[in-house]
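Bear in mind that the values in this text are calculations on the coordinates, not laboratory data. As the structure is a computational prediction, the values presented were derived from the model and not from experiment. A quick note on method: Cβ atoms are made from the backbone with ideal geometry, for glycine too, and the neighbour counts reach across all protein chains shown.
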Amino acid sequence: MNRLLVSVSAGALAALCSTTAMAQQAPPERATSVDDVIVTAQRREQAAQDVGIALSVLSGESLTQQGITNVNQLQNATPNLEVEPAFGGGAAQFRMRGVGFQDYASNNSPTVGVYVNEVAYPVPVMTQGLIFDVDRVEVLRGPQGTLYGRNTTGGAISFVTKRPTEELSAGLMTEWGSHNLFRAEGHVSGPLAEGLRGRLAVSTEQGGAWQRNRTTGESLGDADRTGARALLAWDPSESLSFLLDVHGGVDKSENQGLYLLSDLRTRGGTGPLIPADKDHSKTGWGLSPRFAASIGRDVKDKPGRDNSSWGTSLNANLALNGMNLTSITSYETLDRSEYGDWDSSASVEADTFFGSDVDVISQELRLASDNDSALTWVAGFYYSKQDLNERYFSDFIDIYGTYAQVTYDQTVESWSLFGQAEYAFTDKLKAILGLRYEEETRELAGFGSAFGGATALPPTTVDTKMTPLTGKAALEFKPTDNILIYGSASRGAKSGGFTTYNTGNRSGIEPFNPEILWAYEVGFKADPSRAFQLNGAAYYYDYTDQQVLSAVWGANGPVGRFTNVPSSHIWGAELEAVLKPIQGLRISQSLSYKKGEYDEYEALDVPASRAANMAVFEDKAGDPILFPAWSYSGSVSYDWTVSGFAVTAETNYSFRDEYPSWLGVKYDVPDYWLANASVTVGPENANWSVTFWARNLFDQEYDLTRNFFTSADIAQPGRPRTIGARLSLQY
């Protein structure tokens, strides 16, 4: 199958070369040309089509048009990216090209790195703030580490916010939608003094609750989040520049409700039976007085959060003789308080609370070449320290007659040296080599658990360390000016960690090993004409010690925890195309496919082990790695003028394949289609416009995730159709 993918790519390239020759004889008008997109994926400004890696770029305007206000929603606009929410709450579980990590806790590192203005957010729950005032987002697929501060096996999502402007400008966007949704975003930017420029942007999102308590009729799901960002750009000389970024946010939103997949026999069958929800807008919740008091809530409170965050970074750049020295110093903090009802009922069978205090400091130093020679390079040092204080409480009082409390501190300290060099042998052939050495220590300190107020595991400390050597080797070949062919081999690493769920057994918190991924990729980027762009890639991933949620045999029997699969692999391919056949019309499409399999995996057979009172294993070699196989997305937009008014009609759509579950067929997430549409109208050359939009246009009923807790089979539904209007003003 891998040979077939390469053959298909080679055939496509042959056709493209032929098309390119024809296009060079009769170039179309620039009015129908595909715009050049400038990115900084390789730590310098380049056209995206000149970068020999698989990446997707979304502009800030495109994010607004598609209603993307949260990193999780990028999955409907990016090939081979899935972001699974953690059961109505504020933790994201990322998967890119099948490389992912399912964990609703706060303490483990993700497989996909998220960056804002080059600053890493290494704790997944820190990524859930508002997306606003964004210039573009670059989504890079495959292991990253030779150019980025952190090491990731899946890829990177890099947000670049808009910068202070040389001239005074201001803007305001207000949006109203179904279920009393309201959004507003504004900015002011311009010069403050000689060589000093500033920008202030604020955003808020309110309302939008579309679910109702199945018993009381109360609503659930209202947003209540606000964010602000202030930037100061100072250029004291031609060779020295600074960018100060200060930002913060408050999120008091209600959680997304869960609905019941199956009848819920409450209190182990002794309580009322709650029928399965045929209407996915129905949900339920309820707090016991004891649990409410322990988490600082009222018994009438709805599932939701009370989070606050802020951070700052200073990016300093010094131009030297043929080089640039860059320093990025940052501090990020999050205070999280979140209550979730995972049994979706007034019965107290799986209520949860996360109280997290997160502090991250980092320092990055980079020295990069800045000349027109055949050799370009970048070398860097990165240091990071994370401190996490966590309280994870669970209430099972109505089913098990008890409640659980987990508390711990975790410290992660890492430093690394990284670098990458590119050498152009000719105008057509370039070689790339990158290396990274990292030392990371993780300490889980004072992990203690209690059930019903009685100590189950006294405070226990465990630690783990990794020192991986990772890197990349690649070749880029340009047979013509309009085609780039590349091939690469790269090695990435993901940190080991700890399972921090309810356990009374020390074996439940023993560290799992880092995972190592060898990635092999071939791809092409082609512009056969100014009006057509086609990119494709095929890849094969070879896993060692893939991290999966399973179970191990402990002193008291099976213990659920993360463990390592000795050997597994993933392969797949993706295509992206942009077409502007006539003036005003733009069509973009993307298609991706992936498949994975365990090569060597002896998993604990929990029922058989319990029956034998000893560890019994089952051979899972040859079993598939479970994730959606196909994904597809696209958009069509058309611009024209009518009686002095500029009009833009746009639609975007996406398909997500079935997501099989290791828990059984009942928990498979069915495939679904989503479609959005909008029409924007405003006077030509004016500073205002009005947009009318519809999201989930055909009112598709779909789920984002399915699971079970104690006795409840639950699912998190996606939003139904919503409609609204947006007013945009620019000065």
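Data overview
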| read-out | value |
| --- | --- |
| Viscosity 1.306 mPa s, 10 °C: Kirkwood-radius Stokes-Einstein D of region 446-513 over Cα pairs, µm²/s | 98 |
| Share of pairwise Cα separations in region 579-731, more than 19 Å, in percent | 71 |
| Compactness index (Cα Rg / 2.2 N^0.38 Å), the chain | 0.96 |
| Separation in nanometres of the label points that stand 7 Å from Cα toward Cβ, at V462 and D301 | 3.1 |
| In nm, spacing of pseudo-spin labels at T215 and F645 (7 Å Cα→C-beta vector) | 5.1 |
| In order through region 528-543: 3J(HN,Hα) via Karplus (6.51 cos²θ - 1.76 cosθ + 1.60), integer Hz, x for Gly, Pro | x, 8, 5, 9, 9, 9, 9, 10, x, 8, 10, 9, 9, 10, 10, 9 |
| Extension reserve of the W310-K252 stretch, reckoned as 0.36 nm per residue once the Cα distance is removed | 19.4 nm |
| For peptides 271-280, 302-311, sequence by mean Cβ density within 10 Å, most packed first | 302-311, 271-280 |
| Distance in nm between pseudo-label sites at F477 and Y423 (7 Å out along the Cβ direction from Cα) | 1.9 |
| ³J(HN,Hα), Karplus 6.51/-1.76/1.60, whole Hz, each residue of region 351-361, x for Gly, Pro | 9, 9, 8, 10, x, 10, 10, 10, 10, 10, 10 |
| Stretchable slack from A230 to T174, in nm (0.36 nm times residue separation minus alpha-carbon distance) | 18.2 nm |
| Computed lengthening from D387 to E443, 0.36 nm per intervening residue step minus Cα-Cα distance | 19.2 nm |
| Computed E for D671/E194 - FRET, C-beta separation, R0 60 angstrom, nearest 0.05 | 0.55 |
| Environment charge at V299 (Cβ cut-off 15 Å; Lys +1, Arg +1, Asp -1, Glu -1) | -3 |
| Stokes-Einstein translational diffusion, region 365-413 - Kirkwood Rh over all Cα pairs, 0.890 mPa s, 25 °C, in µm²/s | 156 |
| Alpha-carbon spread of region 301-387, three principal axes, descending order, Å | 69, 24, 18 |
| Intensity falloff of region 81-191 expressed as log10 I(q)/I(0), Debye formula with alpha-carbon point scatterers, at q = 0.11, 0.16 Å⁻¹ | -0.46, -0.84 |
| Helix axis angle, 2-25 relative to the chain longest principal axis, alpha carbon, degrees | 30 |
| Alpha carbon convex hull of region 206-351, volume per residue in cubic angstrom | 159 |
| Translational diffusion coefficient (Stokes-Einstein; Kirkwood radius from C-alpha pairs) of region 459-597 at 4 °C, 1.567 mPa s, in µm²/s | 70 |
| HN-Hα J in Hz across region 56-66 - Karplus 6.51, -1.76, 1.60, θ = phi - 60°, x for Gly and Pro | 10, 10, 10, 6, x, 5, 5, 4, 5, 4, 8 |
| Neighbour-limited loop hits for chymotrypsin sites (Phe, Trp or Tyr not before Pro), region 349-446 (at most 14 other Cβ within 10 Å; DSSP other than H, G, I, E, B) | F425 |
| Relative packing of 508-516, 170-178, which averages over residues the other C-beta atoms within 10 Å, highest first | 508-516, 170-178 |
| Cut-off 13 Å between beta-carbons: net charge of the residues surrounding G195, Lys and Arg +1, Asp and Glu -1 | -3 |
| Cα convex hull volume per residue for region 346-466 (Å³) | 167 |
| Estimated FRET transfer efficiency when R0 is 51 angstrom, pair F617-T402 (beta carbons, to 0.05) | 0.95 |
| Charge sum, other residues only, whose C-beta stays under 10 Å from K478's C-beta, Lys/Arg counted +1 and Asp/Glu -1 | -1 |
| Distant-in-sequence amide H partners of F617 (H built 1.01 Å from N, under 5 Å) | D605 |
